[in-house]
């Protein structure tokens, strides 16, 4: 068997180092005992992680991010699931056209959406607050949910619902006992990915937060005075939550594919 040339291995290693070295540095310096976020590392400590919960600014940002992520994910999953079910029942050409409109916010730059939201909220005198941030995050997460649930719905035999109705089940009973268990892994995956996407969203949050800052906005503000281990710890916390949510969602999708 022919072995890959050494240059290929070196290129892959260099590329991986380029991609992940900044992430490793952020996580590593979050444990640095020195208040200076730089080398040399004078010891390891968890005090910076305790600080992000003890410091009111960071604790409020974490709570705001959690509220926004859960609220936007909940609305997006409910509305997105209903939209995906409705789309799959329409003629194929109509479904394709409408699906294009649903995924459009995923293609439009976040900066454009942020400016548009700021202009819209200002014109209708809607107060810039966490509610405005939630609306903005829904615009980002809803297309993701429709895409995930819609892909699952396309692979289902909807005649099972008709069979359930023929056997005496009502519409809600057919949904709860037949359809919901089939799309449950996709719903959970969409929920977790929506939470991860909301937790990482920065531009929209920056434009419409109205003073109720989320974690990315607080990190951005802290960078103006320099990077500290506390900022690294805050960023590492969001990174861990995002990676965990994405990994669980990916695992559920793979289990769904195996079961299929």
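The values are calculated or read from the model by the stated rules, or taken from the named source; none is laboratory data. Please read all numbers here as calculations on a predicted model, not as lab measurements. Neighbour counts are summed over all protein chains in view; Cβ atoms, including those assigned to glycine, are modelled from backbone coordinates with ideal geometry.
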Requested in this report: Pick out the one residue from 176, 227, 218, 188 that is assigned to a helix (DSSP H, G or I) and modelled with pLDDT under 80.
Outcome: 176
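Residue-by-condition table, conditions (1) over 29 Å from the mean Cα position of the chain (by Cα); (2) surrounded by 12 or more Cβ atoms within 10 Å (Cβ to Cβ); (3) more than 30 Å from residue 130 (Cβ to Cβ):
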| site | (1), (2), (3) |
| --- | --- |
| 5 | yes, no, yes |
| 8 | yes, no, yes |
| 20 | no, no, yes |
| 23 | no, yes, no |
| 60 | no, yes, no |
| 64 | no, yes, no |
| 68 | no, yes, no |
| 77 | no, yes, no |
Query raised in the report: If you scan the range 87-124, which residues turn out to be surrounded by 14 or more Cβ atoms within 10 Å (Cβ to Cβ) and over 19 Å from the mean Cα position of the chain (by Cα)?
Result: 87, 88, 95, 98, 99, 115, 116, 117, 118, 121
Query raised in the report: Which residues, counting only those in the range 180-194, are more than 16 Å from the chain's Cα centre (by Cα) and within 9 Å of residue 152 (Cβ to Cβ)?
Result: 182, 183, 185
Query - Answer residue from the range 150-173, given it is in contact (Cβ under 8 Å) with a residue 24 or more places away in the chain and not in a helix (DSSP H, G or I) and is surrounded by the fewest Cβ atoms within 10 Å (Cβ to Cβ) among those - result: 155
Query raised in the report: Filter the range 30-48 for residues that are within 27 Å of the chain's Cα centre (by Cα) and within 12 Å of residue 228 (Cα to Cα); which is surrounded by the most Cβ atoms within 10 Å (Cβ to Cβ)?
Result: 30
